[in-house]
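Participant: Can you read through this structure? Questions will come right after.
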Amino acid sequence: MATFLRPGEKRPGAFGITFDLDAGSTQALPVFNKNERLALEEQRRRLPAFQHRREILYLVEHHATTVIVGETGSGKSTQIPQYLLEAGWCSDGRMVACTQPRRVAVMTVAARVAEEAGSVLGQTVGYGIRFEDVTTPGVTKIRFCTDGVLMREMFEDPLLTQYSVVMVDEAHERSLATDTLLGLLKKVQRRRPDLRIIVASATLEADKVVSFFDTSTVRGPKALPSDTMRKPALLSIEGRTHSSQIHYLERPCSDYVRAAVQTASDIHREDAPGDILIFLTGQQECEDAVALLEEEARKVRQGKARLRMAPAALYAGLPAAAQLAAFEPAPRGYRKIVVATNIAETSVTIEGVCFVVDCCFAKQTAYNPLTGLGSLLVAPISRASAAQRAGRAGRLRPGHCFRLCTEADFQQLAEATVPEMQRSELASTVLQLKALGVDNMMAFDWLAPPPAETMVRALELLHALGALGADARLTSPLGQHLAELPVDPRLGRALLASGELGCAEEVLTIVAMLSVQSVWLSPHGQRKALDAAKSKFAVGEGDLVSGLNAWHAWQESGRLGKWAHHHFLNHRTLLRAADIRAQLTHHLRRLGIPIRSSEGDVISVQKALTAGLFMNAVQLSETTVDLQNPSSSGINVYKMLHSSGPGEAPKLRVHASSVLARTRPQYLLFWQVQQSSSGWYEMQDVTAVEADWLPEAAPHVFQRIGARAHIQ
Ligand code: ADP
Ligand code: MG
């Protein structure tokens, strides 16, 4: 078996910095069920949605579109599809689809509904996520899937004829795929008057969706049957909530973690009983705040307070057992203080909260179309988000919300969160829309139109990859193949190239590993050990080839869980990557791509990656003094070889977690960047390349001058 591991080659590096963006997490969110001890049927009857069962069914029957607003936990996702099934919406062999933005939600909701409906998962109740389909044709009636999966089904069945009702859930999140799907569904609805659409949301900002689907004043090509109303129905199944009194800071604070801890301690000392919920932005902040609160708790105990503090963290990466502490009622004599990321804003509901402390920030993804770079930043939240957070204090009785900013500053915040559609890279979305026959992107009915620059950038990338021709139409077969492969078009291009270069086995592994969250475990406080484990597989070709080495070593161990654990690798993630790899292999076979191993020829692998990632090529430009660490050998600054648009070129450097962090290759390709708090774009998953390979891979973008690559 080919291996790229060079024994003895050790590279020091600072590993272990991980993302803790909740949206990307593959871990299940906790579900707390206060009626756990009751029979399932009785649990179902106690949900707020049950009070509205008849009304929901009536509205869905009479309106083309129904928008349903209800707080998290009110029974939207689990109950509505079952009501539809019970009312006969699946009796003609069609299914009810319910989409979720996150894979994990698809699986947990499907499992719960299967249990409630007395079905084995995959029979009456099934699900579909990318790379995994647990549905039985002809048997499955309720199908949960991600928005992306439903969109892909439209390649084969553009009018979604298998479904009688499509419920788009968690629409308030306004994810890229949800927004795209809503635009497509509106198109389908014109051709399928019998299709029913339900849009479910956990917040009250539903007006936009209602007016988007309101076609009552538009003359459609086909009129709906006269008894179906084209004006969407709006139903709120909101449980009764109380208002929250808002408090602001007199002066701005410089450290919101400390300010939050201080505020919570003050509430604890001075206010009536009732749990406290603190909103911070990430795992580290939550852990820090809990540590500070525990310290505070010790002091308070000495002061003989009436109640004791019981702090608990809550973020998506937290082990399940620890998550439960945030949900269970505090023991008698204790006041629970939950320190959470924005998963507590809508994704989960914590009972018993009477006080909210809000730092008014959240981690957000951003995209700059001028540089083509995305990043993850701590950014101020919108006023709508803040209102949602404040509402979390009013479930039991009128609550209090303490915002850690001044009222004047608060008024400066944006009214609503910018939808992902307007702050994301769009190449994949555009490619799929093209494959679905949407030719003019600007004329597409967007719920929120993306910025023109972003659209231009996406078209430019797809053109450079060869997916679009000069007429901006999908090319055949390349563009069609790229649209069919369920991965980013850049990775798709690398896969197709690997067939020609005879290294598909290796590139399949690399792409599968990029399709899961990091395969490395990052246990708290064991960074040195993790570094050492990683360095065993590190090679000068970069992170992707190093990952490939780790993969091969895992294979040679016989895919042993114990082996993986010993080497700080996440066995479950590796198994999932293996599963994805098998599916991608199947896709390549179907496209007639030869699947061979490079037998140790690393260069062919690097060249295949170049064929997909050439737009992410950078060149070493200078070494500057590291102001934060002047004694170090300095920062190696890279600049992008291909960058459209005027303005200052972004400054890039290799992320500290990369195996190439301490080396200075002349040319690199990166897969991701992350913007540091000091403004640097830090490249992750980098691969060293030769300048010559760039014009070879993309002659229309790069031209060869001597040994260096230049932009044409
Ligand atoms: P919504 O979609 O409105 O947020 P759900 O339909 O997901 O609400 O859940 C309704 C209720 O069903 C929850 O409050 C909980 O009591 C129960 N429930 C949902 N999923 C699970 C689960 N996986 N395990 C136990 N109880 C669950
Ligand atoms: Mg739900």
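No value in this document is a laboratory result; all are computed from the given coordinates. Just so it is clear, the structure is predicted and the values come from calculations on it, not from any experiment. Backbone-built Cβ (ideal geometry, glycine too); neighbour counts: all protein chains shown.
Participant: Among DSSP beta bridges lying fully in the chain, give the percent that are antiparallel, nearest 5. Let's see the in-between values first.
Facilitator: Values: 35 of 91 bridges.
Here the antiparallel bridges make up roughly 40 percent for the chain.
Participant: Continuing with the same structure: Run the reach check for Lys607 against lysines, Cα to Cα strictly under 23 Å, same-chain hits fewer than 8 apart removed. What comes back?
Facilitator: Excluding near neighbours in sequence, the set is Lys639.
Participant: Fewest Cβ neighbours within 10 Å first, please rank Glu648, Glu328 accordingly. Write out the running numbers ahead of the final one.
Facilitator: On the way: Glu648 7, Glu328 14.
If I rank by nearby Cβ atoms, fewest first, I get Glu648, Glu328.
Participant: Next up: Starting from one equal scatterer on each C-alpha and no solvent at all, send me the Debye-based log10 I(q)/I(0) for the stretch 433-501 at q = 0.22, 0.25, 0.26 Å⁻¹, two decimals.
Facilitator: -0.99, -1.20, -1.26
Participant: Here is a follow-up. List the lysines whose alpha-carbon lies under 16 Å from that of Lys186, not counting same-chain residues fewer than 8 positions away?
Facilitator: Within the straight-line cut-off, Lys186 pairs with Lys208, Lys222, Lys231.
Participant: By counting other Cβ atoms within 10 Å of each Cβ, how are Val545, Val300 ranked from fewest to most?
Facilitator: On the way: Val545 23, Val300 18.
The fewest-first ordering by Cβ neighbours comes to Val300, Val545.
Participant: Find the percent of Cα-Cα distances in the chain that exceed 51 Å, and round it to a whole number.
Facilitator: On the way: 33395 of 253116 pairs.
Looking at the chain, the distances longer than 51 Å represent 13 percent of pairs.
Participant: In which sequence would Lys651, Lys363, Lys336 go, from the one with the fewest C-beta neighbours within 10 Å to the one with the most? Walk me through the numbers before you get to the answer.
Facilitator: Working: Lys651 16, Lys363 19, Lys336 23.
Ranked by crowding around the Cβ, least crowded first: Lys651, Lys363, Lys336.
Participant: Taking the convex hull of the Cα atoms, report for the stretch 221-379 its projected area averaged over all directions, in nm².
Facilitator: Numbers: hull surface 65.2 nm².
Approximately 16.3 nm², given one-decimal rounding.
Participant: Once every DSSP H run of n ≥ 4 in the chain is given -39500 (n - 2.57) and the sum is divided by its residues, what mean residue ellipticity at 222 nm do you get, rounded to the nearest 500 deg cm²/dmol? Can you show the working numbers first?
Facilitator: On the way: 23 runs with 249 residues, N = 712.
It lands at -10500 deg cm²/dmol.
Participant: Now, a different point. Rounded to the nearest 0.05, what FRET efficiency is calculated for Ala387 and Ala582 with R0 set to 51 Å and r the Cβ-Cβ distance? Can you show the working numbers first?
Facilitator: Working: r = 46 Å, r/R0 = 0.90.
The computed FRET efficiency comes out at 0.65.
Participant: Name the shape class, rounded, prolate or oblate, that the alpha-carbon gyration tensor gives for the stretch 141-224, where a ≥ b ≥ c are the square roots of its eigenvalues, rounded holds for a/c under 1.5, and otherwise prolate holds if a/b is larger than b/c and oblate otherwise. Let's see the in-between values first.
Facilitator: Working: a/c = 1.73, a/b = 1.03, b/c = 1.67.
Cα axes put the stretch 141-224 in the oblate bin.
Participant: Now, a different point. Taking every Cα atom in the stretch 422-599, find the radius of gyration and the maximum pairwise distance Dmax, and write them in Å.
Facilitator: 19.0, 55
Participant: Using only the C-alpha atoms of the stretch 40-237, find the volume of their convex hull and express it per residue in Å³. Numbers along the way, then the final one.
Facilitator: Values: hull volume 21.3 nm³, N = 198.
Convex hull of Cα atoms, per residue: 108 Å³.
Participant: Can you tell me the convex hull volume per residue for the stretch 41-136, based on C-alpha atoms, in Å³ to the nearest whole number?
Facilitator: Values: hull volume 10.7 nm³, N = 96.
Value for the stretch 41-136: 111 Å³ per residue.
Participant: Quick one: if you stick a label point 7 Å off each Cα along the C-beta vector at Val31 and Leu377, how many nm between them?
Facilitator: About 3.7 nm separates the two model spin labels.
Participant: Roughly speaking, what is the stretch gain from Glu132 to Asp409, that is 0.36 nm per residue apart minus the C-alpha to C-alpha distance, in nm to one decimal?
Facilitator: Values: separation 277, 0.36 × 277 = 99.72 nm, distance 4.63 nm.
95.1 nm is the gain from fully extending Glu132 to Asp409.
Participant: Would you please classify the overall shape of the stretch 544-646 from the alpha carbon gyration tensor, given that a ≥ b ≥ c denote the square roots of the eigenvalues, rounded means a/c under 1.5, and beyond that prolate means a/b larger than b/c while oblate covers the rest? Intermediate values should be presented prior to the final figure.
Facilitator: Values: a/c = 2.68, a/b = 1.43, b/c = 1.87.
Note, shape of the stretch 544-646 comes out oblate.
Participant: Name the shape class, rounded, prolate or oblate, that the alpha-carbon gyration tensor gives for the stretch 609-711, where a ≥ b ≥ c are the square roots of its eigenvalues, rounded holds for a/c under 1.5, and otherwise prolate holds if a/b is larger than b/c and oblate otherwise.
Facilitator: On the way: a/c = 1.86, a/b = 1.72, b/c = 1.08.
Prolate is the answer for the stretch 609-711, as a/c is 1.5 or above and a/b outweighs b/c.
Participant: Straight-line reach only, C-alpha to C-alpha below 17 angstrom: list the lysines that Lys299 could link to, leaving out same-chain residues fewer than 8 apart.
Facilitator: The reachable lysines, counting only those whose Cα sits under 17 Å from Lys299, are Lys336.
Participant: Provide, for the stretch 422-599, the number of lysine pairs with alpha carbons under 30 Å apart, each pair being eight or more places apart or on different chains.
Facilitator: Working: Lys528/Lys536; Lys528/Lys562; Lys534/Lys562; Lys536/Lys562.
Count of close lysine pairs: 4.
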